[in-house]
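The values are calculated or read from the model by the stated rules, or taken from the named source; none is laboratory data. Here the structure is a predicted model, which is why all the values come from computation and not from measurement. Positions of Cβ are generated from backbone atoms using ideal geometry, with glycine treated the same way; all protein chains shown enter the neighbour counts. SASA here: full protein model, heavy atoms, side chains in, ligands and nucleic acids out. Shrake-Rupley method; radii C 1.70, N 1.55, O 1.52, S 1.80 Å.
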Amino acid sequence: MGCSESKGAVEPAATTSSHPTMASSSRTAPSPAPAAINAAQHGNFPVFLSFRVKEAKPQALALKAALEAHGFATFCSECDIPRGKDWIRTISDALAKCQLVIVLATRTYGAPGTDAFATGEELAFARKNKKELYIVPMADVWEDSSTNVLLGTMQLGRGWTTPPNQVPSDLLADLLDIYKDVLPVASVKGAAQKLQEQQAAEQLAAKMRKADEPQLHQEEAIPQTLPVQSIKQQQQQQQQLQAGSEQHIAVEAETRQQSAVEADREQQSVLEAEKERQLADAWRREAEEAAAAHAREEQRREAQLQAAKRKADAEAKQAEEQRVLKKQLEQALREAEEGEAAVQAREEQFRQERLLAEQERAAAAEKEAMLEQLNAAKARAAAAEAQRQEKELQYRQEMERRVEQGKAAAAAKAQQKQQQQQRQQPQALPPLQLLSSPSCSTTLTGHSSNVNSVAYHPDGLSLVSGSGDGTIKLWSVASGVCTATFGARSGSWTRLFQNGHSTYVNSVAISQDGRLVASGSDDGSVKLWDLGSRKCTATLTGHEGDVRCVAISPDGVTLASASNDRIIKLWDTQSGSCKASLEGHCNWVRCVAFSLDGALLASGGNDDTLRVWDARSARSIAVFKGHCGPVTSVVFSADGAAVLSGSYDGTIKVWDAKSSWQCLKTLGHSGCVNSVALSPDGQYAVSGPGNLFDNDRTIRIWDWRGSGKCLATLKGHSDRVCSVAVSPDGKTLASGSMDNTIKLWRIAQ
């Protein structure tokens, strides 16, 4: 179907059939622009071939080759033009060069029963720039009869039912029939071919006519007694003459058919001219009717204006009369108000006199009542004084008792604090000497998934680990045997131990007195375990994301937990209540650690920052920025003067935690740093590397106070190292890995 230009919009051309498969004779070639005619005269009639899905690409390539073979210059949306975010802006230059837009319509181009037969870009462009637009439907596009009727006048061919690389003949015939007058290359080729055929037919007919005359004379001269062979030759010649006549007749029929087609075209041009004349007459009549309507509207407005003027005069006269009446009424009201005011003044005087007499009587009665109340108050005051003296005596006795209790409690607390300080102070250990060749002494196996966290018991005889299998295990360091499992399971995710975690355990921590174990898990909870009874004593809930790390303060009273919800929570280990929520990180919080005196708390997260908090007031003290990746591990030095942080950027940074709050030193690592730990005497630091993006499986020991060099490299794990911890005596190192094992290394003596 063709699209004709009408007032800047693309409208369907007239058709004689309501079926979507239209004969090519029902379409009329559009009047091409001069630029198109010039391009066509040079054998380059521009066509834009549009399709939106990959399934239509074979058909588009086949149709592109066929069009170019017939003189069209074809631009293809998928083949010649790169696709981007703003597709129509990208292809606008190519569309501007084209006179014709052909859309390979698939189901994505429009819903059945609507006029959305092409995307808004092609249709809007055709309307705005007065371009011709045709639809080539795929075999099963339109399922609604009303859509078929609507699209029938814009459709080429009867649908693509042939193989993808074979262009349907009816589609190409429709297009060539419509544009045969503006396709010099195609029409010249066709005219030349027809001229050659016509000349060949005329030459053949002339030869046949010349051959007929001598054969007729020969037939008259031939006697009736010819041989049988001559008769057969004569019959063959007659058959050849008859075949030449039939071919001549066919050529003449084709010539007559062409003449009829030309006559149809001329008639169609006359009909179009008549339609344009009728349209001009209709526009002229509409203009005359609009002028008459405008004159009538002006008369109506003038009449309305006169009526409004008369109405305004009447309203002004009525308003003047009302003003005079209002003035008279106001005068009468003032006179009435003056008389009423005089009456009210006399009544007010009488009322004041009666009120004065009543007040005098009430004052006398009130005086009597006050005397009675005074006597009662004196009696109550005497009784209250007696009670006060008795209560004061009781209060003195109670205060004396409380003072005695406070002195006793203060003495007990001072003794307890002294004992706690003694426990917190590092034991005077002999100077450690690193072994020249540290080696793995024991490998602990038992977890069925990666070991995410390890922590030494304060006595150094046992070790606690948390794993991705959802369990927490207690190990004997001497024998390497698992002595207890918290949250054990049997079968597919079935917990045998009550109150166990339901998924990965990310972190474990042990209190300084060695009685309490804390664990954090991907199930969003923190659990407290009693090492003596091996039972879960509390489950702390409140985080809205995975719990990445837990830490217990040196006095064992406060527990800190870090979560993916960007919040650090401080919990009371006795009551299980949340004491404070620390907010400041703008991404996951991966690690937390207390200073040895419990006054400070350090945290690191995926926002690449390290933060230091006042653990008592829950107030942010400092923010350290310097890492280029998530901060995965933090630890305070024994004297609290420095903080060490490990990061995915492959570095360990040493920060001043006392005065300048600046980075003092940076230790390099070959891969991402997952965990950092310090020896009890603070002589060396230990780091465990590895994540999904590097192959570093080594554990490194650093001289972090002095030269900053790597003192030793430990190799043994077959997968990434998740956690490291140093024993209380500083001689043994424990490492947990994603190879499901825990290794104990002898590193010093």
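For segment 372-377, 3J(HN,Hα) computed residue by residue from phi via the Karplus equation (6.51, -1.76, 1.60; θ = phi - 60°) reads 5, 5, 4, 5, 5, 5 Hz, glycine and proline entered as x.
The Cα atoms of segment 276-388 cover 123, 55, 10 Å along the three principal axes, with the biggest extent listed first. Estimated from the Cβ-Cβ distance and a Förster radius of 25 angstrom, the FRET efficiency linking Arg616 and Leu461 is about 0.15. With contacts taken as Cα pairs under 8 Å at a separation of at least 6 residues, segment 468-577 carries a relative contact order of 18 percent.
Among 455-463, 575-583, 398-406, the peptide with the highest mean count of other Cβ atoms within 10 Å heads the list, and the full ranking is 455-463, 575-583, 398-406. Most tightly packed first, judged by the mean number of other beta-carbon atoms within 10 Å of their residues, the peptides 349-362, 665-678, 532-545 read 665-678, 532-545, 349-362. Remark: for residue pairs Lys535/Lys743; Lys579/Lys658; Lys527/Lys743; Lys579/Lys743, the C-alpha separation exceeds 29 Å in Lys579/Lys743.
The alpha-carbon atoms of segment 616-749 define a convex hull whose volume equals 122 cubic angstrom per residue.
Accessible surface comparison of Asp729, Asp719, probe 1.4 Å, protein chains only, largest first: the order is Asp729, Asp719. The Kirkwood radius of segment 542-652, taken over pairs of alpha-carbon atoms, gives through the Stokes-Einstein law at 37 °C and 0.692 mPa s a diffusion coefficient of 240 µm² s⁻¹. Site pair Gln278 and Gln373 shows an inter-label distance of 10.8 nm when each label is modelled 7 Å from Cα along Cα→Cβ. Electrostatic tally near Gln683: other residues with Cβ closer than 11 Å to its Cβ, Lys and Arg +1, Asp and Glu -1, net -1.
In this structure, the pairs whose alpha-carbon distance is over 21 Å, taken from Lys473/Lys715; Lys57/Lys130; Lys665/Lys709, are Lys473/Lys715; Lys57/Lys130. A simple spin-label model places pseudo-atoms 7 Å from Cα toward Cβ; at Asp513 and Leu325 they are separated by 9.9 nm.
If Lys and Arg each add +1 and Asp and Glu each add -1, what is the summed charge of the other residues whose beta carbon sits under 12 Å from the beta carbon of Lys731?
-1
When each of the peptides 645-656, 731-742, 629-640, 384-395 is scored by how many other beta carbons lie within 10 Å of its residues on average, the order from highest to lowest is 731-742, 645-656, 629-640, 384-395.
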